[in-house]
Each structure stands twice: as structure tokens, then as C-alpha cells.
Amino acid sequence: MNEVDLEDLFRQALAAADRAYAPYSHFRVGAALLGDDGEVYTGCNVENRSFGLAICAERTAVVKAVSLGQRSFRALAIATPDSQAPVGPCGACRQVLSEFMPSDAPVCFGGGQAIQVRTTMGELLPHDSLHDLAKNL
Ligand code: THU
């Protein structure tokens with residue numbers, strides 16, 4: 001996959017959302033990260049009865065991939081089938097994702113409607129310390 005197929009990545013995020021463990025919020029989220037190795041790493045949200053321990057789909061995908069040895073990603077898709085409107089990643093996930101994605105990496109997210117937001121990692125987390133510091137080295 002040289003040209004990033006965001007539609008295919010989004011379909012994989014949607015399939016991952018089906019595996020969400022979300023008995024408390026009933027809000028399923030799926031994420032699909034395209035690694036620089038060409039593999040797709042998916043994740044879903046995993047909640048807990050101690051609510052603060054919920055893990056977002058995006059971080060599940062990052063932790064899965066990094067623990068398998070993949071540390072850089074070229075694209076991300078997020079699916080939230082329980083919302084009509086697209087829902088972007090939370091602030092904590094933006095920070096974690098930016099550790100492993102360049103600022104020009106495409107990101108798309110969408111809910112139950114056809115409308116999807118297409119953006120980049122850098123637009124989701126501008127003036128990121130990691131990337132800004134690297135430019136000045
Ligand atoms: N959630 C995610 O998995 N990703 C996001 O970007 C937003 C929120 C999850 C956390 C929780 O399980 C549920 O959605 C409701 O907030």
C-alpha cells in the first residue's frame with residue numbers, strides 16, 4: 001500500500017469497533033493504524049467497572065503495535081458507529097499517537113453517517129513538542 005487507502009483503513013476500524021468492550025458507555029470505538037511495515041494494527045475501547053480505567057481504541061491499537069515491534073505509523077482511521085457525527089480522538093490519545101506518527105500522516109474519522117473528517121496528525125496536535133524539537137536539532 002503506497003498510496004494510503006483511507007477507505008479500507010476506515011472499514012477495518014469499523015470492524016474493530018464491533019469488538020469493543022463498552023458495557024458502561026455503550027459507545028463503541030474502533031481504530032486502525034497503518035504501520036510503516038504495511039501492516040494494519042487495530043484496536044477497540046476496553047472499559048472497566050472502575051470507569052477511569054477505560055482504555056481508548058486508539059491507545060489499544062498503539063500499544064498492540066508497539067508491543068509487536070512496530071513503532072511508526074503512516075495513517076490512522078477511527079470509527080464511532082454509535083454516533084451520527086464523527087468523533088475525533090481524545091487529547092490523551094492525540095499525545096500518544098503523535099509520539100509514533102509524523103505530523104503529515106493522514107487521519108480520518110467517522111460515525112454512523114457517511115460524512116468523514118479527513119485531517120492530519122499535525123492538525124490534531126499542532127505545535128507538538130516532539131516534532132518541533134526535532135526540527136531544531
Ligand atoms: N473513546 C475512545 O475509545 N476513543 C476516543 O477517541 C473517544 C472515547 C472511548 C472511551 C470510552 O470507552 C468511550 O469511548 C466513551 O467515552
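The values are calculated or read from the model by the stated rules, or taken from the named source; none is laboratory data. As the structure is a prediction and not an experimental result, all values here were calculated from the model. Glycine gets a Cβ as well: all are built from the backbone with ideal geometry, and neighbour counts include every protein chain shown. SASA here: full protein model, heavy atoms, side chains in, ligands and nucleic acids out. Shrake-Rupley method; radii C 1.70, N 1.55, O 1.52, S 1.80 Å.
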* Please find, within the range 110-128, the residue that is nearest to GLY91 (Cα to Cα) out of those that are at pLDDT below 95 and in contact with a helix residue (DSSP H, G or I) (Cβ under 9 Å, 6 or more places away or on another chain). => ASP128
* Restricted to the range 32-55, and to residues that are of a type in the set (Val, Ile, Thr) and either without any contact (Cβ under 8 Å) to a residue 12 or more places away in the chain or open to solvent by 30 Å² or more (accessible area, probe 1.4 Å) (or both), which residue is nearest to TYR21 (Cα to Cα)? -> VAL46
* Residue list for the range 109-130, restricted to those being surrounded by 15 or more Cβ atoms within 10 Å (Cβ to Cβ) and within 24 Å of LEU68 (Cα to Cα) -> MET121
* **Options ARG49, ARG11, ARG19, ARG28; residue that is basic (Lys, Arg) and closer than 15 Å to ARG118 by Cα** => ARG11
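Do we have ALA22 as within 12 Å of the ligand (Cβ to nearest atom) and modelled with pLDDT of 95 or more here?
Working: within 12 Å of the ligand (Cβ to nearest atom): yes; modelled with pLDDT of 95 or more: yes.
So ALA22 fits the description; yes.
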* Identify all residues within the range 75-85 that are out of contact with any His (no Cβ under 7 Å at 6 or more places or on another chain) and within 13 Å of GLY30 (Cβ to Cβ); write none if there are none. => LEU76, ALA77, ILE78, ALA79, THR80, PRO81, SER83
* Structure fact -> Matching residues in the range 1-14 (open to solvent by 50 Å² or more (accessible area, probe 1.4 Å) and within 15 Å of the ligand (Cβ to nearest atom)) number 1
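What tally of residues in the range 56-95 results from selecting those that are of a type in the set (A, V, I, L, M, F, W, C), touching a Cys at 6+ places or on another chain (Cβ under 9 Å) and surrounded by 14 or more Cβ atoms within 10 Å (Cβ to Cβ)?
Pass one, the range 56-95, residues of a type in the set (A, V, I, L, M, F, W, C): 56-57, 61-63, 65-66, 68, 73, 75-79, 85, 87, 90, 92-93.
From the residues that got through so far, the ones that are touching a Cys at 6+ places or on another chain (Cβ under 9 Å) too are 56-57, 61-62, 75-78, 90, 92-93.
Imposing the further condition that a residue be surrounded by 14 or more Cβ atoms within 10 Å (Cβ to Cβ) reduces the set to 56-57, 61-62, 75-78, 93.
Counting residues in the range 56-95 that are of a type in the set (A, V, I, L, M, F, W, C), touching a Cys at 6+ places or on another chain (Cβ under 9 Å) and surrounded by 14 or more Cβ atoms within 10 Å (Cβ to Cβ) gives 9.
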* Residue under evaluation LEU76, criteria (1) away from the ligand (no atom under 15 Å from the Cβ); (2) under 15 Å from LEU6 (Cα atoms); (3) among the hydrophobic types (A, V, I, L, M, F, W, C), criterion not met -> (1)
